[in-house]
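Participant: Pasting in a structure now, in structure tokens, and then I'll have a few things to ask.
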Amino acid sequence: MHELSLAKDIIEAVYQNVSASEIIIVKQVVIKAGQFSGVVADSLKFSFEAITANTDLENAELKIIEIPFYIKCGSCGKKTTNEFSMMVCEECGSANTKIISGTELEICEVKLEETEKV
Ligand SMILES: [Zn+2]
């Protein structure tokens, strides 16, 4: 649901991190999105493409690396996952768990087109 504003945030961050003369040669924006972050990858890609169309970023592709959701149980020590992103241990049913991955949502790389040096 919030993919559109998220796409805007990503694009804003790209503009902040890439110099104005290099925006046009941004080839790929790589982000990490955890399963637990609630991001729908296809929807985010669609939003990104819609916003960048006919802009300096129109050739940029959004690549999303999905990070699986995992919790570690404080009672039995097992590392488990479940498709519902629930905080309950699959192994013993304890709610004494900690998320160890899957909440990530960050830009990890902005790749530029190789430019020939004159
Ligand atoms: Zn457990």
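Participant: What value, in deg cm²/dmol to 500, does the helix sum -39500 (n - 2.57) over DSSP H runs of n ≥ 4 give at 222 nm once divided by the residues of the chain?
Facilitator: Estimated from H runs of four or more residues: -7500 deg cm²/dmol.
Participant: Here's something else I'd like to know. Looking at the chain, what % of its DSSP beta bridges pair antiparallel, to the nearest 5?
Facilitator: Counting only bridges with both partners in the chain, antiparallel ones make up about 65 percent.
Participant: I've got another one for you. What residues of segment 61-86 lie in the reach of a label at CYS92, counting those whose backbone N is under 19 Å from a point 7 Å from the Cα along Cα→Cβ?
Facilitator: The answer is 70-82, 86.
Participant: Right, something else. At a Förster distance of 41 Å, what's the computed FRET efficiency of ASN17 paired with SER75, Cβ-Cβ distance as r, to 0.05?
Facilitator: 0.45
Participant: Starting with the highest mean, order 80-87, 46-53 by the number of other Cβ atoms within 10 Å, averaged over the residues of each peptide.
Facilitator: Order by mean packing, descending: 46-53, 80-87.
Participant: Follow-up. Can you give me the convex hull volume of the Cα atoms of segment 76-118, divided per residue and expressed in Å³?
Facilitator: Spelled out: Cα convex hull of segment 76-118, divided by residues, is 110 Å³.
Participant: Next up: Sort 12-24, 89-101 by packing, meaning the average of other beta carbons within 10 Å per residue, with the highest value first.
Facilitator: Taking the mean over residues of other Cβ atoms within 10 Å, the ranking is 89-101, 12-24.
Participant: Would you please calculate the Kirkwood hydrodynamic radius of the chain over all C-alpha pairs and express it in Å, rounded to one decimal?
Facilitator: Every distinct Cα pair counted, the radius reaches 15.9 Å.
FYI, it's all coordinate maths here, none of it is from the lab. Keep in mind the model is a prediction, meaning the values are calculated, not measured. Note that we place each Cβ from the backbone using ideal geometry, even for glycine, and neighbour counts take in every protein chain shown.
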